[in-house]
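Bear in mind that the values in this text are calculations on the coordinates, not laboratory data. Treat the numbers as computed from the prediction; the structure is a model and nothing was measured. Note that each Cβ is placed from the backbone with ideal geometry, even for glycine, and that neighbours are counted across all protein chains shown.
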Amino acid sequence: MAFYPTPQETKVPDENENLTPPNPESLVRQPPPPLMDPLRDEQRPANGSNVSGEDAEAPTTPSAWQIVARVLHTIAVVGSPLWAALLICRTILALKAAQLAHMRSHGSANMRVESGWRSITLLARQSGVQIIGTRREQSAAIARTLNIDEHIVQQAAYMADYAAFSGESLSDADANAYWKSADAIREGILRALPVQQRVRARLDLRGVFHTVRHTNSWRHLVRRQLNNATMTASAPLCQRHRRRGAAQHK
């Protein structure tokens, strides 16, 4: 579009046109548009600091499940060594109980009577008694070391000798009665120990993984001959013990 700075010659000025500039104070000014908030990084308050005003966040209350989960987590972390120790102790006690149950029910009546005596000597060895020699010597060592009734322990030893060397077959009632006597002797052994030593004896694993095998070695033959020498004196006591066990079973 062409621009002509020189007015046309034929144009006549308008006498009614007001050429006075307007008063600035009387002008109506348009308010400026509102400014937008500038972008800024959101700052998180440090732990323990309080924020108020528009930046303050509403406090959150943990739920009951969250509280329980935190408590259980704390117990698991703090008490993990204790739980591990208790688990090991329970495993040992369960293993020893399974061994006793196997010895009580495995084999013939004669073998179960011999296993009953073996359970007595096993607990005595775990209690600190030195178990050597024949059953008669072992019973004397148990009674002397633990200060329990020697007569009851000797009767159990004589009955085990009778089951091993007499050649007669015992009945299930005889084996059950013998195990009752063996359990009573074992309880007497534990009662004779101090509390700390009693706990160690219950958790002792000596002899648990050892399987006793009767062989034809010269040591077994010599021990058999020594035990046979005592059978003549122990036979009447064994007979009375068998009759007493049969009477209790009835």
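Data overview
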| item | result |
| --- | --- |
| 3J(HN,Hα) from dihedral phi, the stretch 165-182, Karplus parametrisation 6.51/-1.76/1.60, rounded to Hz, x for glycine, proline | 10, 6, x, 9, 8, 7, 8, 5, 5, 4, 5, 5, 5, 5, 5, 4, 5, 5 |
| Virtual paramagnetic centre 7 Å along Cα→Cβ of residue 152, amide N under 14 Å, in the stretch 185-199 | 185-193 |
| Cα-projected label distance for residue 108 with residue 95, points at 7 Å along beta-carbon direction, nm | 3.2 |
| Taking 114, 168, 137 and counting other C-beta atoms within 10 Å, the order from fewest to most | 168, 137, 114 |
| Protection proxy ranking of 172-185, 153-166 - average other beta-carbon atoms within 10 Å, highest first | 153-166, 172-185 |
